[in-house]
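The values are calculated or read from the model by the stated rules, or taken from the named source; none is laboratory data. None of the values given here were measured: they were computed from a predicted structure. Here the Cβ positions follow ideal geometry from the backbone for every residue, glycine too, while neighbour counts run over all protein chains shown.
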């Protein structure tokens, strides 16, 4: 004759005299309730005080700091580095405007292309030129040092904290 109840490691844990189940409830319902409580406790551990395993959720007003480095690969001059920020999920264009409004020795211009969005024209008085085959290249250096060329421009790129945005004047 088969034993009724739920077993764990060969020992009855439900449906025996050792576990009191309220009348009208089945052993399966009790186990589902225990599983649900366990899952809820695990979820609560993941979200104490607005954090998730040490990651702080940023609000829309929290600053995301980054650096902007202006380089010139055409004329050998030392790079110049500035500090600025965007709000959480803010675009690079906003951070560049904030930098220009707060720092007298940084300026830039851009044009608005109807198909491709903002296009960087000049930085600190140095403009790209179709005749001279020069332009401003957007590069991003991660805090770990890896440099990438993003597949979006200044109007769509969203800086991450502590990145270095490199505006590199170069030739094509």
Response to the item:
Flagged in region 63-89 as free of Cβ contacts under 8 Å to residues at least 60 places away in the same chain and either outside the structural domain of residue 106 (by TED's automatic domain parsing) or part of a strand (DSSP E or B) (or both), in numbering order, are 63, 80, 82, 83, 84, 85, 87
Worksheet item: Considering only residues of region 140-169 that are closer than 23 Å to residue 115 by Cβ and surrounded by fewer than 17 Cβ atoms within 10 Å (Cβ to Cβ), which is nearest to the chain's Cα centre (by Cα)?
Response: 158
Item to complete: Can you give me the number of residues within region 38-70 that are modelled with pLDDT of 75 or more and in contact with a helix residue (DSSP H, G or I) (Cβ under 9 Å, 6 or more places away or on another chain)?
Response: 3
Worksheet item: residue 137 versus (1) over 27 Å from the mean Cα position of the chain (by Cα); (2) surrounded by 13 or more Cβ atoms within 10 Å (Cβ to Cβ): which is the lone unmet condition?
Response: (1)
Worksheet item: Could you say whether any residue in region 134-148 is under 18 Å from residue 72 (Cα atoms), part of a loop (DSSP other than H, G, I, E, B) and modelled with pLDDT of 95 or more?
Response: no
Discussion item. Which numbered condition in (1) surrounded by fewer than 14 Cβ atoms within 10 Å (Cβ to Cβ); (2) more than 14 Å from residue 66 (Cβ to Cβ); (3) touching a strand residue (DSSP E or B) at 6+ places or on another chain (Cβ under 7 Å) is the only one that residue 126 fails?
Written reply: (1)
